[in-house]
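So the structure is just underneath, and the comments pick up after that.
The values are calculated or read from the model by the stated rules, or taken from the named source; none is laboratory data. What you are looking at is a predicted structure, and each value in this text was computed from that prediction instead of being measured. Positions of Cβ are backbone-derived with ideal geometry, glycine not excepted, and every protein chain shown enters the neighbour counts.
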Amino acid sequence: MKVLNLYCGIGGNRKLWKDCDVVAVEFDPGIATVYKQFYPNDAVVIGDAHQYLLDHYMNFDFIWASPPCQSHSQIRYNIGFLANRKYKKVKAVYPDMKLYQEIILLDKFFKGKWVVENTIPYYEPLIKATKTGGHLWWSNFPISEINHGNRGHRDGTVETLQERKMLDISKFNIKNKRQVLRNCVEPEVGLHVYNEMLKSLNKKERVYEMKIKTISISAKCSDLCFATAQDKDGNQVGDEHDGYVPDFMPDEHYGDYVMLDIDIDTGKILNWKKPTEAQLRKTFHNKKDE
Ligand SMILES: C[S@@+](CC[C@H](N)C(=O)[O-])C[C@H]1O[C@@H](n2cnc3c(N)ncnc32)[C@H](O)[C@@H]1O
């Protein structure tokens, strides 16, 4: 399963996911480096997750987005703005509408499964969402109730939060470690949502995804097969071949099929047999050399 993990932070949500190819996007290079150490097999993109979503959403099976929550947060509004005198007042800010842009884009354009996670806001959410696990979730699959226990955010130290989030960042030299840890979704919550997504795929989809190793392609091309051969420097060797499927192509192609068995993980052609000299000469025979 190809997964896009947007606004990945250090990957609390991703900690307990298994059997997936993940591309993670984070714009803070220090945080992205920590993520890469925790999940070396994931591809990590340092850049803007909002733009990445727009450019690449179509290449994934499942998309998780955790856009920044500060401008939607109850704490910022209730404590920071409504002014308990003990705290410094904060200025009014526009709630960041990228949150809703992403939800609408995913809902209307994306064919796969998706979830957007955010804080419970200080206003009535503009789009209906599920509230559980201390977050608000917009998704195209049902998310059942989960009790995440005490998040330990209010009094948590870096040490207690590391334990709670199951991520030890003591050896990394990054700023605001406590905040970075508070930003993490609890791994068990990330797994719960991931499992809910898997549950929502119908059985047929799951069987395909889990079992397919090779795809056999048989494409009819009649006398429209065009081929060239190059040397190690990329210079063309011999003539262009324009006609029936060359003799050296795999299987019983009868001159007008391309028949390839392709490994879905590596893209390698499995039924390839190295052509003989004679077959190559016949296909790319250079009339000038006669
Ligand atoms: C709430 S945290 C994500 C937590 C993560 N889902 C987890 O469970 O650990 C949001 C992250 O998004 C990053 N971020 C904020 N704006 C971003 C943007 N435009 N593009 C990419 N990353 C961004 C922040 O640096 C932060 O690490």
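General observations
- Residues in segment 151-179 that are without any contact (Cβ under 8 Å) to a residue 60 or more places away in the chain, on the phi > 0 side of the Ramachandran plot and exposed (fewer than 15 other Cβ atoms within 10 Å of the Cβ): 1 in all.
- Verdict on residue 90 being outside any loop (DSSP other than H, G, I, E, B) and of a type in the set (A, V, I, L, M): no
- Against the list (1) among the acidic types (Asp, Glu); (2) at pLDDT 90 or above; (3) over 30 Å from residue 142 (Cα atoms), the condition residue 231 fails is (2).
- Considering residues of segment 224-246 that are of a type in the set (Asp, Glu) and part of a strand (DSSP E or B) only, the residue farthest from residue 256 (Cα to Cα): 239
- Any hit, segment 242-257, residues being at pLDDT 90 or above, under 35 Å from the mean Cα position of the chain (by Cα) and either among the acidic types (Asp, Glu) or not assigned by TED's automatic domain parsing to the domain that holds residue 284 (or both): no
- Checked against (1) outside any helix (DSSP H, G or I); (2) out of contact with any helix residue (DSSP H, G or I) (no Cβ under 9 Å at 6 or more places or on another chain), residue 195 passes all but condition (1).
- Segment 180-201 residues that are without any contact (Cβ under 8 Å) to a residue 60 or more places away in the chain, paired with ones that are outside any helix (DSSP H, G or I) and away from the ligand (no atom under 12 Å from the Cβ) (beta carbon under 7 Å, 6 or more apart): 182/153; 192/146; 196/141; 196/142; 196/143; 196/144
- Restricting 84, 13, 78, 41 to those that are assigned by TED's automatic domain parsing to the domain that holds residue 173, more than 12 Å from the ligand (Cβ to nearest atom) and modelled with pLDDT of 95 or more reduces the list to 41.
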